[in-house]
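Everything below concerns the one structure shown next.
The values are calculated or read from the model by the stated rules, or taken from the named source; none is laboratory data. Computed from a prediction, not measured in an experiment: that's the story for all the values here. As a convention, Cβ positions derive from the backbone with ideal geometry for all residues, glycine included, and neighbour counts pool all protein chains shown. For accessibility, only protein heavy atoms count, side chains too; no ligands or nucleic acids. Shrake-Rupley method; radii C 1.70, N 1.55, O 1.52, S 1.80 Å.
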Amino acid sequence: MAESNDSVSIDMEKIFLGGKEHHIQTGCGSVSVIVYGDQDKPALITYPDLALNYMSCFQGLFFCPEAASLLLHNFCIYHISPPGHELGAAAICSDNPAPSAEDLADQIVEVLNYFRLGAVMCMGVTAGAYILTLFAMKYRNRVVGLILVSPLCKAPSWTEWFYNKVMSNLLHFYGMCGLLKECLLQRYFSKEVRGNVEVPESEIVQACRKLLDERKKTNVLRFLQAIDQRPDITEGLEKLNCRTLIFVGDSSPFHSEAIHMTSKLDRRYSALVEVCSMSLCV
């Protein structure tokens, strides 16, 4: 990309290697935060979906030179991984209490306080979008805007509860097995991106499949349980006064949830973007 006054030159091969990792002790355990960019710039907080971290969830966005250039030119990015989801994470001791969704939201404010951040932008995907929305509802003065991809706001439906139960059993008995990875990839990506007999799966799906192998079953199960036991936060959405932009794929399993959430937000401060055949990992 040519350099100009409105863009920055990005070395895409080093974008995931140039950040600095911080391990922050919080009230519900240690959390990994990868920081990219100039910390004097406004902060953008990211939070990934189940079994993902910043690399597997946001690589599609950051390997797009235009998007990466725009984000790093305007923000310092703080990638928060759910406990035990960071690269190279060891299995969390089963004796440690499993955090609730509210605990994970409270953990974010501890991260902000650690870096002495004020109000921030937030970007989250599905489970991560729920955590960030809950955080924004609890700490309204700490959030200036939300970018949510396939977000959740209601308690799990019977269908989602059953699906989560299947994944929990697979994790418990078999770990990150092939069937579980297929369940997760269906959650993350559209059919077009996953491929079929005639069309091979895309490179981003192949990369995500490999990164899932690194996840420890105990760590994923703890995050899954927190999301599976999440409360309905619909009633609080109308009081959310920060700018909110929602993206959802037209074939996403969370499409109806995104529509429901949009209908409850103040239309003066929110917008919905429906995308054809969208992958959940951004």
Task: Leading residue by the ranking (surrounded by the most Cβ atoms within 10 Å (Cβ to Cβ)) among those in region 50-75 that are in contact with a Phe, Trp or Tyr (Cβ under 7 Å, 6 or more places away or on another chain) and modelled with pLDDT of 85 or more - done: 50
Task: Members of region 105-129 that are touching a helix residue (DSSP H, G or I) at 6+ places or on another chain (Cβ under 6 Å) and closer than 27 Å to residue 160 by Cβ - done: 105, 108, 122, 124, 125, 127
- [ ] Residues being at pLDDT 95 or above, in contact with a Ser or Thr (Cβ under 7 Å, 6 or more places away or on another chain) and open to solvent by 20 Å² or more (accessible area, probe 1.4 Å): count how many of those fall in region 93-134.
- [x] 1
Open item on the list: Just the residues that are open to solvent by 60 Å² or more (accessible area, probe 1.4 Å) and either in a loop (DSSP other than H, G, I, E, B) or not basic (Lys, Arg) (or both), please, taken from region 158-186.
Closed with: 158, 159, 161, 162, 163, 169, 172, 173, 174, 179, 182, 186
Task: Where residue 170 falls short, out of the listed (1) touching a residue at least 40 places away in the same chain (Cβ under 8 Å); (2) touching a Leu at 6+ places or on another chain (Cβ under 7 Å) - done: (1)
Task: Hits in region 241-254 (condition: surrounded by fewer than 18 Cβ atoms within 10 Å (Cβ to Cβ), at pLDDT 95 or above and within 17 Å of the chain's Cα centre (by Cα)) - done: 245
Open item on the list: Condition first: among the small types (Gly, Ala, Ser), more than 30 Å from residue 166 (Cα to Cα) and exposed (fewer than 14 other Cβ atoms within 10 Å of the Cβ). Now tell me which residues in region 255-279 satisfy that.
Closed with: 263, 271
Open item on the list: When the residues of region 187-240 are narrowed to those that are farther than 19 Å from residue 166 by Cα and among the acidic types (Asp, Glu), which ends up least open to solvent (accessible area, probe 1.4 Å)?
Closed with: 201
